[in-house]
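Comments concern the structure below.
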There are 2 protein chains.
Amino acid sequence: MTFNAYAAKKAKAQLEPFRYEPKPLADDEVEIAISHCGICHSDVHLVDGEWGDWFPLVPGHEIVGTVVTGGAFAPGERVGVGWQRNSCGECEYCRAGEEVLCAKHEATCQGNFGGFADRIRVNERFAFRIPDGMPSETAAPLLCGGITVYTPLRTYAAKGSRVGVIGIGGLGHLALQFAKALGCEVTAFSRVAGKEADARRFGADHFFTGGPEKGSFDLVLNTAHAAPDMEAYLGALRPRGVFCQLGAAPLPLVVPSMPLITGSRSVAGSAIGSPAGIREMLALAAERGIAAMIELAPMREANQALDRTRRNQARYRMVLAK
Amino acid sequence: MTFNAYAAKKAKAQLEPFRYEPKPLADDEVEIAISHCGICHSDVHLVDGEWGDWFPLVPGHEIVGTVVTGGAFAPGERVGVGWQRNSCGECEYCRAGEEVLCAKHEATCQGNFGGFADRIRVNERFAFRIPDGMPSETAAPLLCGGITVYTPLRTYAAKGSRVGVIGIGGLGHLALQFAKALGCEVTAFSRVAGKEADARRFGADHFFTGGPEKGSFDLVLNTAHAAPDMEAYLGALRPRGVFCQLGAAPLPLVVPSMPLITGSRSVAGSAIGSPAGIREMLALAAERGIAAMIELAPMREANQALDRTRRNQARYRMVLAK
């Protein structure tokens, strides 16, 4: 049994064909024949060595494919896998359905070989049925990008909430769609004026290329890498409003204390989401026709595709196809 | 009708005797003969002009006294007043019992003449009965300092929570007592090794003069002015843990994004508390014998007392007495 993948052998190296023998299929594992894999900015961080020495590294954690064998699934069922592929299943977080917070969580492509491959094996609890009728290629980015924006929207916003989204890219374009579907009033912040038409199509009611001049946001999701003007964004939050950092930005947030204190505001982070959250997010996406806008590339062109993501050129998510 | 107070005429000026005519007593106001007034670091910020031009400025917002007339109170009842003296009473926040978030909230000594005086008039909703048996001089600091630490403890902690308190001063020494009374495991962080015995008496189970080497805190309350090592403190938070900023620090918090994201942690602010929270806090303090440790000074020595607070010399709160 050999799986065929693409791996970077060292930091910033080009991906090259890479074959590996998977560990024996455990009772609670499912083997998936991968048809599509989205490219997330985390893949760039990993390949570029910014998150440590995980080489040889097979990127990819926005996976859609069909079940070959194993787990509670029938062969041929279409499933997806996101950032997380396993957890201990026993700790307080796992028991509470917050597997992402488990100290023994396993990442799909950090310390394990990921989805730039023809097959993968993961714990069955982290494989999710893709709703019928949802195209595999636009479903793939939901498995990481989608749940990453959906979790804080469900945690900090509700129908009628005013939500700002900073950065209209892989995460941002999904955030606009989910915020709209949840009944929020949605504002997009982008440095690129040319994205306004797209942003409004994704669900933005308002679009600004500068920061917030004024506002009364319940929630601002930051999906951008550039350091935001925290004085301005915190000043635009309502009392008890939340600024939620989603992008793993290299620069720290410089947070003034007074707007935090006077309005009991907060700056939070959020990481992907729970299995239950992923199922709920997929169901809502199917019901409301939420889909990633993607550029499709064959997996053998993974290097060029990864580079488009690295340069923020993807409109709005690169997806590799078998 | 003339009230006798102490006022700073301009930024950083010495306080000097100041007489003013109060506005007519409104139907919903209570007039209080002030017996004690605590000194909070906010008074220093105000007198030093760091929070704007509010001069002539009568500081003081940790007031205890007896009712002269007005409101729902009987003459002679002992009441306290904190940072807030009024709110609109009609907005969504006031209706929800979150008067501190009201856009029209009125501060006791910012834009109004405060408690370094013989009398004051405030809205009756912001005067609180002092429990029988609680000394007025040690009750006074509870009205601002006490509720400031009690609110985040009630919001983010519970019995068994691990709580860290940075800075053992006016706020910190109350935070240790309330955290202990709420059943938390309490850690004190202070740069002053000599405070350990006091900190343990206030309720600290652990005491560190450095930052947190490791830890698993549910909540860290920052009452200090110095910029904290956010990498260290966020790293010492459990998943979903909260770092709560209470001191109005001049320097911003420099917040790395990764520990926020990977553990869904957050950095929050908190401002005083609601009238209901103040009543609850006073009742708990009475029940558990929680009291500020104070240095008492006559009000005519307000300048020297304010200076002790300015220099962080108070052990642990200055209180002026009539």
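The values are calculated or read from the model by the stated rules, or taken from the named source; none is laboratory data. Just so it is clear, the model here is predicted, and its values are computed rather than measured. No Cβ is skipped: glycine too gets one built from the backbone with ideal geometry, and neighbour counts run over all protein chains shown. The protein model used for the area step is the full one, side chains on, heavy atoms only, and it has no ligands, DNA or RNA in it. Shrake-Rupley method; radii C 1.70, N 1.55, O 1.52, S 1.80 Å.
Residues considered: B:274, B:270. Of these, the only one that is crowded, with 18+ Cβ neighbours inside 10 Å, over 15 Å from residue A:258 (Cβ atoms) and among the small types (Gly, Ala, Ser) is B:274. For the range A:168-189, the condition holds for at least one residue, the condition being that it is surrounded by fewer than 23 Cβ atoms within 10 Å (Cβ to Cβ) and closer than 24 Å to residue A:101 by Cβ.
Looking only at the range A:288-322, residues that are on the phi < 0 side of the Ramachandran plot and assigned to a loop (DSSP other than H, G, I, E, B) come to 10 in all. Take residue A:13 and tell me if it is part of a loop (DSSP other than H, G, I, E, B) and aliphatic (A, V, I, L, M). For residue A:13, the condition - part of a loop (DSSP other than H, G, I, E, B) and aliphatic (A, V, I, L, M) - is met.
Against the criterion of being crowded, with 21+ Cβ neighbours inside 10 Å and at pLDDT 95 or above, residue B:81 qualifies. The condition (being open to solvent by less than 10 Å² (accessible area, probe 1.4 Å), within 25 Å of residue B:248 (Cα to Cα) and either more than 10 Å from chain B (Cβ to nearest Cβ) or touching a helix residue (DSSP H, G or I) at 6+ places or on another chain (Cβ under 9 Å) (or both)) is satisfied by just one residue among A:251, A:234: A:234. The sole residue among A:265, A:315, A:310 that is in contact (Cβ under 8 Å) with a residue 12 or more places away in the chain, basic (Lys, Arg) and not assigned by TED's automatic domain parsing to the domain that holds residue A:59 is A:265. Annotation: of all residues in the range A:36-62 being over 14 Å from the mean Cα position of the chain (by Cα) and of a type in the set (D, E, K, R), the one that is farthest from residue A:141 (Cα to Cα) is A:53. Are any of the residues in the range A:300-322 at pLDDT below 95 and within 8 Å of another protein chain (Cβ to nearest Cβ)? No, every residue in the range A:300-322 fails to be at pLDDT below 95 and within 8 Å of another protein chain (Cβ to nearest Cβ).
Of all residues assigned to the range A:60-70, at least one qualifies as being modelled with pLDDT under 95 and of a type outside the set (Ser, Thr, Tyr).
For the range A:41-82, a tally of residues being in contact with an Asp or Glu (Cβ under 6 Å, 6 or more places away or on another chain) and outside any strand (DSSP E or B) returns 3.
Considering (1) touching a Ser or Thr at 6+ places or on another chain (Cβ under 7 Å); (2) more than 9 Å from chain B (Cβ to nearest Cβ); (3) in a strand (DSSP E or B); (4) without any contact (Cβ under 8 Å) to a residue 40 or more places away in the chain, the lone condition that residue A:240 does not fulfil carries the number (2). Summed over the range A:211-241, the residues that are under 20 Å from residue B:260 (Cα atoms) and of a type in the set (Lys, Arg) give a count of 1. Which of the residues spanning the range B:192-221 are exposed (fewer than 13 other Cβ atoms within 10 Å of the Cβ) and either of a type outside the set (S, T, N, Q) or in a helix (DSSP H, G or I) (or both)? Of everything in the range B:192-221, those that are exposed (fewer than 13 other Cβ atoms within 10 Å of the Cβ) and either of a type outside the set (S, T, N, Q) or in a helix (DSSP H, G or I) (or both) turn out to be B:193, B:194, B:197, B:201, B:210, B:213, B:214.
Among the residues of the range A:83-111, those identified as away from chain B (no Cβ under 14 Å) and either of a type in the set (A, V, I, L, M, F, W, C) or assigned to a loop (DSSP other than H, G, I, E, B) (or both) are A:89, A:90, A:108, A:109, A:111.
Using the structure shown, decide if residue A:281 is in the same structural domain as residue A:95 (by TED's automatic domain parsing) and open to solvent by less than 10 Å² (accessible area, probe 1.4 Å). Judged against the criteria, residue A:281 is a match.
The listed residues are B:195, B:159, and the only one of them that is of a type in the set (D, E, K, R) and more than 27 Å from residue A:269 (Cα to Cα) turns out to be B:195. Looking only at residues in the range A:255-299 that are more than 12 Å from every other protein chain (Cβ to nearest Cβ) and of a type in the set (Lys, Arg), the one that is farthest from residue B:103 (Cα to Cα) is A:279.
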